[in-house]
Amino acid sequence: AESNGVQLNNSATSWSAVSSDERLKTNWTMFENATDKINTLTKIGTYNPIDKEDVLLTGLSANEVQKVLPSAVFENEDGYLGMNYQDVFCLMLKSIQELTARLEALEGN
């Protein structure tokens, strides 16, 4: 897909700069209970791809992420799930904000 001159590809394995000016965005919905959602993810770490067992990669399970952030997950042409990691990154940022607020409340700030 192309948006504002930036091409995005669902099968991309990495991302570069993407237009992010809020004037290009509408219908904001803020994450709620981001920390609870992040805490449901159990497969966070390194793994071996089934076709390259001598390779060690780092990642998440798209199957797990799909349960808490379905908009971040898509199905490839081959039927396997792919994931937009930048969407998960945004959920993690919200979780950090929630945890910071909890910590500040405990510290009396």
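The values are calculated or read from the model by the stated rules, or taken from the named source; none is laboratory data. In this text the structure is predicted, and so the values were computed from the model without any measurement. Every residue, glycine as well, gets a Cβ built from its backbone with ideal geometry; the counts of neighbours run over all protein chains shown. The area values use the complete protein model at the heavy-atom level, side chains included, leaving out ligands, DNA and RNA. Shrake-Rupley method; radii C 1.70, N 1.55, O 1.52, S 1.80 Å.
Annotations for the structure displayed:
- Evaluation of Val55 against (1) more than 14 Å from the chain's Cα centre (by Cα); (2) open to solvent by 100 Å² or more (accessible area, probe 1.4 Å) (one fails), failing number: (2)
- The condition of being hydrophobic (A, V, I, L, M, F, W, C), under 18 Å from Thr29 (Cα atoms) and either open to solvent by 50 Å² or more (accessible area, probe 1.4 Å) or in contact with a Gly (Cβ under 6 Å, 6 or more places away or on another chain) (or both) holds for Leu93.
- Set Val55, Val68, Val73: member being in contact with a strand residue (DSSP E or B) (Cβ under 6 Å, 6 or more places away or on another chain) and not hydroxyl-bearing (Ser, Thr, Tyr): Val73
Quick grid of which residues meet (1) of a type outside the set (Ser, Thr, Tyr); (2) assigned to a strand (DSSP E or B); (3) at pLDDT 95 or above:
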{"site": "Met30", "(1), (2), (3)": "yes, no, no"}
{"site": "Lys37", "(1), (2), (3)": "yes, no, yes"}
{"site": "Leu41", "(1), (2), (3)": "yes, no, yes"}
{"site": "Glu53", "(1), (2), (3)": "yes, no, no"}
{"site": "Glu64", "(1), (2), (3)": "yes, no, yes"}
{"site": "Phe74", "(1), (2), (3)": "yes, yes, yes"}
{"site": "Asp87", "(1), (2), (3)": "yes, no, no"}
{"site": "Ile96", "(1), (2), (3)": "yes, no, yes"}
{"site": "Leu99", "(1), (2), (3)": "yes, no, yes"}
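- Taking every residue in the range 28-48 that is basic (Lys, Arg) and pairing it with any residue that is surrounded by 11 or more Cβ atoms within 10 Å (Cβ to Cβ) and in a strand (DSSP E or B), at least 6 positions away or on another chain, the pairs with Cβ-Cβ distances below 8 Å are Lys43/Leu60.
- Among the residues making up the range 60-76, those that are open to solvent by 70 Å² or more (accessible area, probe 1.4 Å) and touching a residue at least 12 places away in the same chain (Cβ under 8 Å) are Asn63, Gln66, Lys67, Ser71.
- Within the range 77-90, being within 21 Å of Trp28 (Cα to Cα) and open to solvent by 30 Å² or more (accessible area, probe 1.4 Å) holds for Tyr85, Gln86, Asp87, Phe89, Cys90.
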